[in-house]
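Each remark here refers to the structure printed beneath this line.
The values are calculated or read from the model by the stated rules, or taken from the named source; none is laboratory data. No experiment lies behind these values; they were computed from the predicted model shown. So basically every Cβ, Gly included, is an ideal-geometry build from the backbone, and we count neighbours across all protein chains shown.
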């Protein structure tokens, strides 16, 4: 008689998956907020939408991953912060439209489920959700033999938020004279890592644990610094100040992300010497012989979020952000449309 095969023989361990769900439930409960219904483990996550005080509720959704920053987690064997990056990439995109994040779902896929690694990833997601004050209400864990290299996995996230239609931040009120306020990043965040890895591990031949004097830490620790979550800071400002535009600085860098919220009749002038650039960026630029413009279109260069505010409210916004322990800079302004059609100019 031929051998009786099981799903486990093919590399998928259902019992191990069920055990992992139990671990996730505890982490998810720590992110509970008003509106959460039920527990992790159902076919779908349930959330009761409370629209009290909202005239015309609009749902805002965002989905993202963390790109090849995952490779740094694989190299270091440290997986408990990459989930913060995942949450940040989604909830920051929701925040720039004026919405408050409500709930989050994750997707993690491995060739062979490693419960310890997967639990660390979910711990990071739970941490990020608590920072953003949104609930982890569900997700998917897939065991896919043959799809990934050993000890590697893929990660994606999805979040939904809500904003009153009259309070959507879409840039339509931006005009000449508005100022650009930059809020500092915590480092590279989650963009440009294909270039980072090429510089650090191909050109410089660094080991992941190599100490870099310019950075005051190992290259692995520097590269794994989590993405800053700005949603609560943005919400605080929106309650009292006319923030007419917001830009989450991700792929494309400072200029390309800000210009997405600027009306066509205007252009922006950015002063590249107006903010502090963290050492990791100067280190990478020097090591990779990268031009200033390439740096600006690849990395956040120390600015993770930009607010576009009428000039008369700028000082109040800076004072409030500073009181919230944010490092802020006045990095540019909005001008009339450029005669040559340029959307961005750089102040020399």
Original post:
Does segment 46-92 hold any residues that are out of contact with any helix residue (DSSP H, G or I) (no Cβ under 7 Å at 6 or more places or on another chain) and crowded, with 21+ Cβ neighbours inside 10 Å, and which are they?
Top reply: 89, 90
Original post:
Taking only pairs six or more apart or across chains, which ones have beta-carbon atoms under 7 Å, a first residue in segment 17-36 that is closer than 18 Å to residue 113 by Cβ, and a second residue that is in a loop (DSSP other than H, G, I, E, B) and modelled with pLDDT of 85 or more?
Top reply: 17/113; 20/113; 25/39
Original post:
What number of residues within segment 325-341 satisfy the criterion of being over 21 Å from residue 300 (Cα atoms) and either assigned to a loop (DSSP other than H, G, I, E, B) or in contact with a strand residue (DSSP E or B) (Cβ under 6 Å, 6 or more places away or on another chain) (or both)?
Top reply: 6
**OP:** Quick one: residue 43 ticks every box in (1) modelled with pLDDT under 95; (2) out of contact with any helix residue (DSSP H, G or I) (no Cβ under 9 Å at 6 or more places or on another chain); (3) not in a loop (DSSP other than H, G, I, E, B) except a single one, so which number is it?
**Re:** (3)
Original post:
If we keep just the residues of segment 258-278 that are loosely packed, with under 15 Cβ neighbours inside 10 Å and within 30 Å of residue 217 (Cα to Cα), which is modelled with the lowest pLDDT?
Top reply: 273
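Yes or no, residue by residue, for (1) outside any loop (DSSP other than H, G, I, E, B); (2) assigned by TED's automatic domain parsing to the domain that holds residue 305; (3) under 21 Å from residue 328 (Cα atoms); (4) touching a residue at least 12 places away in the same chain (Cβ under 8 Å):
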{"site": "190", "(1), (2), (3), (4)": "no, yes, yes, yes"}
{"site": "220", "(1), (2), (3), (4)": "yes, yes, no, yes"}
{"site": "233", "(1), (2), (3), (4)": "yes, yes, yes, yes"}
{"site": "255", "(1), (2), (3), (4)": "yes, yes, yes, yes"}
**OP:** Look at residue 294 and say whether it is under 22 Å from residue 230 (Cα atoms), assigned by TED's automatic domain parsing to the domain that holds residue 218 and outside any strand (DSSP E or B).
**Re:** no
Subject >> Failed criterion for residue 297 (all others in (1) buried (at least 20 other Cβ atoms within 10 Å of the Cβ); (2) without any contact (Cβ under 8 Å) to a residue 60 or more places away in the chain hold) >> reply: (1)
Original post:
Can you pull out the residues in segment 105-129 that are in contact (Cβ under 8 Å) with a residue 60 or more places away in the chain and under 20 Å from residue 22 (Cβ atoms)?
Top reply: 105, 112, 113, 115, 118, 119, 122, 123, 124, 125, 126, 129
**OP:** Kindly state which helices (runs of 4 or more DSSP H) lie completely within segment 54-133 and contain at least 2 residues that are modelled with pLDDT under 95, over 18 Å from residue 158 (Cα atoms) and under 12 Å from the mean Cα position of the chain (by Cα).
**Re:** none
**OP:** Confirm whether residue 283 is at pLDDT 95 or above, out of contact with any strand residue (DSSP E or B) (no Cβ under 9 Å at 6 or more places or on another chain) and either over 11 Å from residue 180 (Cβ atoms) or not assigned by TED's automatic domain parsing to the domain that holds residue 188 (or both).
**Re:** no
Original post:
Do the conditions hold for residue 205, that is, is it outside any helix (DSSP H, G or I), farther than 21 Å from residue 299 by Cβ and free of Cβ contacts under 8 Å to residues at least 12 places away in the same chain?
Top reply: yes
Original post:
Quick one: residue 145 ticks every box in (1) over 30 Å from residue 282 (Cα atoms); (2) modelled with pLDDT of 95 or more; (3) assigned to a loop (DSSP other than H, G, I, E, B) bar one, so which box is it?
Top reply: (2)
Original post:
Given the structure, is residue 182 buried (at least 17 other Cβ atoms within 10 Å of the Cβ), more than 30 Å from residue 35 (Cα to Cα) and in contact (Cβ under 8 Å) with a residue 40 or more places away in the chain?
Top reply: yes
